[in-house]
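Some notes on the structure that comes next.
The numbers here are math on the coordinates, done by the rules we state, and not lab data. Just so it is clear, the model here is predicted, and its values are computed rather than measured. Cβ sites come from the backbone with ideal geometry, for glycine too, and all protein chains shown count toward neighbours.
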């Protein structure tokens, strides 16, 4: 009798834990799939620069990707000022 009750308790606990682990694995698989999709999107053609917007007055350029999204604007004024100082007006 004691062995049967003890066996039932262990069996129930094992099934409960198995269910908890199955739920956790399912969640982790979803998260992994989302992470893989994000990596693929970062590697994909959508991140390739296809054009630039040039602000000649402010010496700034902004890249645009194939899907039309702007990238970070680059402020080039300091770079050109440094070049001008080093090369001079020869």
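So here's what we get for this one:
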read-out	value
Rg(Cα)/(2.2 N^0.38 Å) for segment 2-43, N = residue count	2.00
Cα-projected label distance for residue 61 with residue 80, points at 7 Å along beta-carbon direction, nm	1.2 nm
Descending principal axes extents, the chain, alpha-carbon based, whole Å	103, 28, 16
Rg and Dmax of segment 46-87, Cα atoms only, in Å	12.6, 39
Relative contact order for the chain, counting Cα pairs under 8 Å that sit 6 or more residues apart, in percent	14 percent
